[in-house]
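The values are calculated or read from the model by the stated rules, or taken from the named source; none is laboratory data. Quantities reported herein were computed from a predicted structural model and do not represent experimental measurements. Cβ coordinates were reconstructed from backbone atoms using ideal geometry, including for glycine residues, and neighbour counts include every protein chain displayed.
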Amino acid sequence: MQRNRLTRRTLVQGSSVAAAAAVAQRATPDALIDSARATTRLSVLSPLPPDPAPPGVARFAEDLFGAWMGDRDTRVTYNAVRWPDLRDEIASEFDAENGGPDVVYMSGWIPDFFESLAPLVPDLPTDLLSDLPASARNGVSWNGNLYGVPYTSSLLTLFYNVAVFEEIGLPGPPTTWDELKTYARELTFGDDRYGWVMNYGAPYGVGGVASHWMAFLQQAGGTMYGPDGFPVFNDEPGIEALQCLIDLLPSTVPESLSMIGIIDATTAFKQGRAAMMFNWPFMWRDAQDPVTSDLPGKLGTAILPAGPVGMASIDGADAWSISALSGDPDAALELIRFYLDPDVQKRQALETGWLPARASVLADPEVQAAIPHAAVVLDQSQYPYSSFLTPDYDAVTQAIGEEIQRALAGEKSAAQALHDASDAVRVIFEERMLE
């Protein structure tokens, strides 16, 4: 079950494989600890760079990390693995049911593993909880319990080519669906230049076509599930959301229907073939490379256009959790609080490019000067966002995404596709209830 986030990652990984392999061997730097004498020992399962890794795996805030361990007489060791292997490694550790990590990195998987995780509230400090966006709990909760703390702000936002907008006299990024569709038409030229690109080829997971449609669904005022937990998206907002994607097709890079990952859509955007796309925050740094991108000095970002009801987005639910089998959950929580300390979060942003989860650090002038996209993500975070994660998220998004693909291919109407998708998801949920 590795594919849940595969379409959202891989963009920045190609050039970093060698560096990541080296980091895998270093774990906690020896200079930071007296490992033989530490009274408290914590183990952490984390991603490798270039994904959002903690201090001691990624090279940032190591002085603060060393001081934190020294003050608490604590040793922290890491099992840092490649992103495509992370979910399987988590499952393997939890299946062992003996020992395993104290702290675990989650990315949309909390509903899958909640039985192996420790609920965090009321143990989290109020200053931290109040510094997280209101929607941040959506991706780290299940059955009314909070099982994780967001580590990085990873919200879908709008990216656009400022130079092309200026070329045809558009005043700025679209703010509504009508403007999005109108601008996309005006930005589509006969020389292989289009107004829009999106990876429609992968149906499943965060970053697949089903999750992109969920952003439009919320903008139309819809939601995925009712109070009983069963699907309610086969309604007017759901149909309007899918119809918006269909309406964009004439202005869309033709290969979008076969693009299976965000890297494919991003490449088309960086090459100037498309003037607009939705993407994740890590794209900002990647697009500044003049060797691979035509966008340095031309890249603009904005919050997503509003639908009939308002603005909304989806997120990747990157978070830290504590294993229910941790031998020292109090110390594990202290480590997570260190990862979320404002100074550590700021160093994370400035030294790795991964945006902080805390709103106060996103608003920091130094962070916004170094990463201009931080201000946009902060603005986007003030509006609702949810990826509607469930224990069977891959199966659900596979079923919905395949029906969306049929509608985009002209094989079904938006209404028929959502009707069939709703029936398929209901069956998936009924099967889960019987387990």
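Values computed for the structure shown
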item: Some residue of region 113-133 being assigned by TED's automatic domain parsing to the domain that holds D364, buried (at least 19 other Cβ atoms within 10 Å of the Cβ), under 21 Å from N279 (Cα atoms) and touching a residue at least 40 places away in the same chain (Cβ under 8 Å); result: yes
item: Subset tally (residues that are surrounded by 24 or more Cβ atoms within 10 Å (Cβ to Cβ) and either assigned to a loop (DSSP other than H, G, I, E, B) or within 19 Å of the chain's Cα centre (by Cα) (or both)) for region 319-335; result: 3
item: Filter result for S116 (in contact with a Ser or Thr (Cβ under 7 Å, 6 or more places away or on another chain), under 21 Å from D392 (Cβ atoms) and of a type in the set (S, T, Y)); result: yes
item: Filtered residue count, region 269-285, keeping only those that are surrounded by fewer than 20 Cβ atoms within 10 Å (Cβ to Cβ) and in contact (Cβ under 8 Å) with a residue 40 or more places away in the chain; result: 3
item: Any chance G238 is assigned to a loop (DSSP other than H, G, I, E, B), assigned by TED's automatic domain parsing to the domain that holds I428 and closer than 30 Å to P391 by Cβ; result: no
item: Scan of region 270-287 for residues that are part of a helix (DSSP H, G or I) and out of contact with any Phe, Trp or Tyr (no Cβ under 7 Å at 6 or more places or on another chain), ordered by number; result: K270, W284, R285, D286
item: Residue in region 359-367 that is assigned to a loop (DSSP other than H, G, I, E, B) and under 18 Å from the mean Cα position of the chain (by Cα) present; result: no
item: Test: residue in region 418-425 that is without any contact (Cβ under 8 Å) to a residue 24 or more places away in the chain and either assigned to a helix (DSSP H, G or I) or in contact with a strand residue (DSSP E or B) (Cβ under 8 Å, 6 or more places away or on another chain) (or both); result: yes
item: Residues located in region 353-372, provided they are within 23 Å of G297 (Cβ to Cβ) and surrounded by fewer than 24 Cβ atoms within 10 Å (Cβ to Cβ); result: G353, P365, E366, V367, Q368, A369, A370, I371, P372
item: Check on W320, of a type in the set (F, W, Y), out of contact with any Ser or Thr (no Cβ under 6 Å at 6 or more places or on another chain) and modelled with pLDDT under 95; result: no
item: Filter result (over 23 Å from V377 (Cβ atoms) and polar (S, T, N, Q)) within region 107-154; result: S116, T126, N143, N145
item: Subset tally (residues that are more than 22 Å from W280 (Cα to Cα) and assigned to a helix (DSSP H, G or I)) for region 379-395; result: 1
item: Subset of region 93-125 (residues that are modelled with pLDDT of 95 or more and among the hydrophobic types (A, V, I, L, M, F, W, C)); result: V103, V104, M106, W109, I110, F113, F114, L117, A118
item: Boolean, P174 is in the same structural domain as G307 (by TED's automatic domain parsing), in contact (Cβ under 8 Å) with a residue 40 or more places away in the chain and under 30 Å from D318 (Cβ atoms); result: yes
item: Qualifying residues in region 296-317 (those that are of a type in the set (A, V, I, L, M) and buried (at least 24 other Cβ atoms within 10 Å of the Cβ)) - the one nearest to the chain's Cα centre (by Cα); result: A317
item: Residue match in region 135-155 (condition: of a type in the set (F, W, Y) and either in contact with a helix residue (DSSP H, G or I) (Cβ under 6 Å, 6 or more places away or on another chain) or closer than 15 Å to L389 by Cβ (or both)); result: yes
